[in-house]
1. If the reach is capped at under 21 angstrom between alpha carbons, list the lysines near Lys241, excluding any in the same chain fewer than eight residues apart.
2. Under a point-charge model restricted to the Cβ atoms of Lys and Arg (+1) and Asp and Glu (-1), what is the dipole moment magnitude of the chain relative to its Cα centre, in debye to the nearest 20?
3. Using a 1.4 Å probe, what is the accessible area per residue for segment 323-368, in Å²?
4. For Lys223, tell me the accessible area in Å² from a 1.4 Å probe, rounded to the nearest 10.
5. When the helices in the chain are scored as -39500 (n - 2.57) per DSSP H run of 4 or longer and the sum is shared across all residues, what 222 nm value do you end up with, to the nearest 500 deg cm²/dmol?
6. With semi-axes √(5λ) of the Cα gyration tensor in Å as the read-out, I listed [x] 43, 23, 19; [y] 46, 24, 21; [z] 59, 24, 17; which label goes with the value calculated from this structure?
7. Could you please report the charge total around Ala105, scoring K, R as +1 and D, E as -1 over all other residues with beta-carbon less than 14 angstrom from its beta-carbon?
8. If you take every residue apart from Gly239 with its C-beta less than 15 Å away from the C-beta of Gly239, what net charge results, scoring Lys and Arg +1 and Asp and Glu -1?
Amino acid sequence: MTEADDLLPEGLEDRLPQEAERITRAMRACLDVLASHGYARVRPPLVEFERSLAGRMDGVQPRRMFRFVDPSSLRTLALRSDITPQIGRISATSLAAAPRPLRLAYCGETTVIKADQLEPARERLQLGAELIGADTVVAAGEVVAIAVEALAAAGLTGISVDFTLPDLVDTLAVEAMPLAPEQVDAVRRELDMKDAGGLKEAGGEAYLPLLYATGAFDEAVAKLQAIDAGGALASRIAGLKAIASRIGDRARITLDPTERHGFEYQSWFGFTLFAEGLRGTLGRGGTYLIKGSEEAATGFSLYVDQLAQAVGDAAPCNTLYLPSGHDAAAAAQLRADGWRTIAQIGDGEDPRALGCTHVLESGKPVEI
């Protein structure tokens, strides 16, 4: 094989021992938090029928998925790009009769054909929780608070949460800031671009103040409240305040009410997670509707590979070298006590070079 044969495709990379260990510790810490709050873990398959993956949520884009034909059914299969639709399928089928609200957690690999500049990885370890059967401020508050707790448990500091209102334009366009049906998409697009001139040209001059209702939560929500003279957003603003109160001082809270990138299937509430020392998004969440069952849900997803960059290396571990013919019972007891062991395989091995700190002699660890 040539050197070129060993290159990985763009957007994919090996995780070597030190980094893989950080990812594993972050994953375990987050999953432990979810389990402690009653979220039961499920493990959906990596591959499903394309129609099922694309049909459970608005905004899921099949063109981003790796697709191929199943030799058995001759139907199109796809590698999942997002696990959330699979949780929707499970809740609507195998767990349809389970008591609500249903709390589910998951962790697994996802892939996309082409990443974007903000998120260049084509394979990511996605971990998350879904609260199914509840679309309330209380449910949203629980989900955001648990997401923040999970990040903190993984060792992240300086956590911040950015709130958004994905259906803001749809809500205001009905009566408070009327738009013709053909104007709605254009106004959404210009708000996405933060383009004041384009917004005027699209007929959304009344929406201009929304571009400036951003920043630190208290200030931004006050600006949003001032814009909402007709009270169309009163319940949403009250909801945002209640969710912010649930988080308290455990994270910095900001508001960007018109942000829609990454919230293609969210309904009235969405949030993005960040942390100090890390570039880019660590996770997203919000409220949404599961198609088929038409059941409301609230959840979040974390990208463990990304957040693990801020997780420190594990404390040095005592590693015990086991020479040929060693006392197997003593070695087993030491492993049960927390020791890591490396057994001799051949002649001429150097225990220090293999990372060992001790060697087993007469059934006892002796420092090298």
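1. In chain and number order, the partners are Lys223.
2. 920
3. Details: 3140 Å² over 46 residues.
With all protein chains present, segment 323-368 gives 68 Å² per residue.
4. Lys223 exposes around 90 Å² with every protein chain in place.
5. The helix contribution divided over the chain gives -9500 deg cm²/dmol.
6. The listed entry that was calculated here is [y].
7. Here the count lands on 0.
8. Numbers: positive: Arg236, Lys241, Arg246; negative: Asp135, Glu142, Asp167, Asp228.
That works out to -1.
The values are calculated or read from the model by the stated rules, or taken from the named source; none is laboratory data. In this text the structure is predicted, and so the values were computed from the model without any measurement. Please note: Cβ atoms are built from the backbone with ideal geometry, for glycine as well, and neighbour counts cover all protein chains shown. All accessible areas refer to the heavy atoms of the entire protein, side chains included, with ligands and DNA or RNA removed. Shrake-Rupley method; radii C 1.70, N 1.55, O 1.52, S 1.80 Å.
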